[in-house]
1. Report whether or not SER225 is of a type in the set (Ser, Thr, Tyr), surrounded by fewer than 18 Cβ atoms within 10 Å (Cβ to Cβ) and more than 27 Å from PRO147 (Cα to Cα).
2. Out of GLU88, GLU42, GLU71, GLU22, which single residue is modelled with pLDDT of 95 or more, open to solvent by 50 Å² or more (accessible area, probe 1.4 Å) and in a helix (DSSP H, G or I)?
3. Out of region 96-107, which residues are in a loop (DSSP other than H, G, I, E, B) and either modelled with pLDDT under 95 or open to solvent by less than 50 Å² (accessible area, probe 1.4 Å) (or both)?
4. Any residue at all in region 150-170 that is touching a residue at least 24 places away in the same chain (Cβ under 8 Å), in a helix (DSSP H, G or I), near the ligand (Cβ under 8 Å from one of its atoms) and over 18 Å from LEU236 (Cα atoms)?
5. Filtering region 121-145 down to residues that are touching a residue at least 12 places away in the same chain (Cβ under 8 Å) and in a helix (DSSP H, G or I), which residue is farthest from LYS95 (Cα to Cα)?
6. Return the total of residues in region 193-222 being more than 16 Å from the ligand (Cβ to nearest atom) and under 14 Å from ILE53 (Cα atoms).
7. If I filter region 45-68 down to residues being more than 28 Å from ALA159 (Cα to Cα) and open to solvent by less than 50 Å² (accessible area, probe 1.4 Å), which single residue comes out as nearest to the ligand (Cβ to nearest atom)?
8. Quick check on region 180-192. Is at least one of its residues open to solvent by less than 70 Å² (accessible area, probe 1.4 Å), under 21 Å from GLU50 (Cα atoms), in a helix (DSSP H, G or I) and in contact (Cβ under 8 Å) with a residue 24 or more places away in the chain?
Amino acid sequence: MEHAADPSHPRYRSLLMRHRLEVAAEKGMLADSALIAHGRGEAYDYLLGERTIPSAHIASQVALRALHDAEHPVLSVNGNVVALAGDEMLQLAEKLGCPLEVNIFYRTPERMEALLSDLNERKERLGIDVDILGAAPDATIPGLKGPRAKCETKGILSADVLLVPLEDGDRCEALVAMGKTVIVIDLNPLSRSARRGSITIVDELSRCLENMLSMSTEGLPSLESYDHNKSLQDALDAIVEGMKNGLSEPKE
Ligand code: PTJ
């Protein structure tokens, strides 16, 4: 992936993520509102101190355990997710031995094609063997209307545990209503997805995936030990704390 700025730049990571979105936009992979969604995420990340807070770390451990213990785990990806962390999502799918499904909110045949071919190129470059689903939807998510309901029977429809980063609130609710364990990654602890998900990791997508990829799947905390509301409240508290102390540590 091309680099937007010198790695020594203090805002290098942020610039790199923006650059990845620019490249993906040029390839026709993104929704028109993708950059707005990213900007909202960036704002929350800034307030969280651009770090993985302890409650997010625990939530990601619980999430990895739930995915690892699942009978049929599936990782769902949209345009922003492929652009920002397509490699890491493929690597996580390989680590778990599960499929990845392209499932986008603003669905067009052109975007599906662009995302599937980008993922297939990444898969080849990384030399990993992962099933990439989404090209042949044969089912719909009950309770949702229109193209965003489309999914594959052997993927999202039959999954017992699903990872849905940067997910739309409606779809998250519909998946939970199907009885699935829905793992959300979302920097906004107040979003409908964050609140409605079964497990929510309030962390930046690529940072969270790097953490999950470095974790052993042994000895992780179980879902029973996870307190969803407390985890979200911790994220809000971290934002408030950061705001109170913000000026004592200058940011670039
Ligand atoms: O590719 P599509 O058609 O499925 O569309 C994808 C987007 C993201 C455009 C679509 O799902 C959308 O509009 O999402 P929302 O409703 O704006 O929600 C995105 C959520 O992700 C927001 O709560 C953001 O704070 C959060 N977010 C954005 N960037 C990141 C993030 N969370 C974690 N890491 C990020 N990098």
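The values are calculated or read from the model by the stated rules, or taken from the named source; none is laboratory data. In this text, all values refer to a predicted model and were calculated from it rather than measured experimentally. As a convention, Cβ positions derive from the backbone with ideal geometry for all residues, glycine included, and neighbour counts pool all protein chains shown. Side chains included, ligands, DNA and RNA excluded: accessible areas come from the protein's heavy atoms. Shrake-Rupley method; radii C 1.70, N 1.55, O 1.52, S 1.80 Å.
1. On the way: of a type in the set (Ser, Thr, Tyr): yes; surrounded by fewer than 18 Cβ atoms within 10 Å (Cβ to Cβ): yes; more than 27 Å from PRO147 (Cα to Cα): yes.
The answer is yes for SER225.
2. Values: GLU88 fails: open to solvent by 50 Å² or more (accessible area, probe 1.4 Å); GLU42 fails: open to solvent by 50 Å² or more (accessible area, probe 1.4 Å); GLU71 fails: in a helix (DSSP H, G or I).
Just one listed residue meets the conditions, GLU22.
3. Residues of region 96-107 in a loop (DSSP other than H, G, I, E, B): 97-99, 103-107.
CYS98, PRO99, ASN103, ILE104, PHE105, TYR106, ARG107 - these are the residues of region 96-107 that are in a loop (DSSP other than H, G, I, E, B) and either modelled with pLDDT under 95 or open to solvent by less than 50 Å² (accessible area, probe 1.4 Å) (or both).
4. Taking region 150-170 first, the residues touching a residue at least 24 places away in the same chain (Cβ under 8 Å) are 150-152, 154-156, 158-170.
Filter once more, so that each one left must be in a helix (DSSP H, G or I): 156, 158, 169-170.
The next check asks that each one be near the ligand (Cβ under 8 Å from one of its atoms); those that pass are 169.
Those still in the list that are over 18 Å from LEU236 (Cα atoms) too: 169.
Looking through region 150-170, at least one residue is touching a residue at least 24 places away in the same chain (Cβ under 8 Å), in a helix (DSSP H, G or I), near the ligand (Cβ under 8 Å from one of its atoms) and over 18 Å from LEU236 (Cα atoms).
5. Start the filter on region 121-145 by keeping residues that are touching a residue at least 12 places away in the same chain (Cβ under 8 Å), which leaves 122-123, 126, 128-139, 141-144.
Remaining after also requiring in a helix (DSSP H, G or I): 122-123, 126.
Working: ARG122: 16, LYS123: 14, LEU126: 13 Å.
Among those that are touching a residue at least 12 places away in the same chain (Cβ under 8 Å) and in a helix (DSSP H, G or I), it is ARG122.
6. The initial filter retains those residues of region 193-222 that are more than 16 Å from the ligand (Cβ to nearest atom), namely 198, 214-222.
Cutting the leftovers down to under 14 Å from ILE53 (Cα atoms) gives us none.
Result for region 193-222: 0.
7. Kept after step one, since they are more than 28 Å from ALA159 (Cα to Cα), are these residues of region 45-68: 45-51, 53-54.
With the extra rule that they be open to solvent by less than 50 Å² (accessible area, probe 1.4 Å), the set shrinks to 45, 48-49, 53.
Details: ASP45: 7, LEU48: 10, GLY49: 14, ILE53: 13 Å.
Going through the qualifying residues, I end up with ASP45.
8. no
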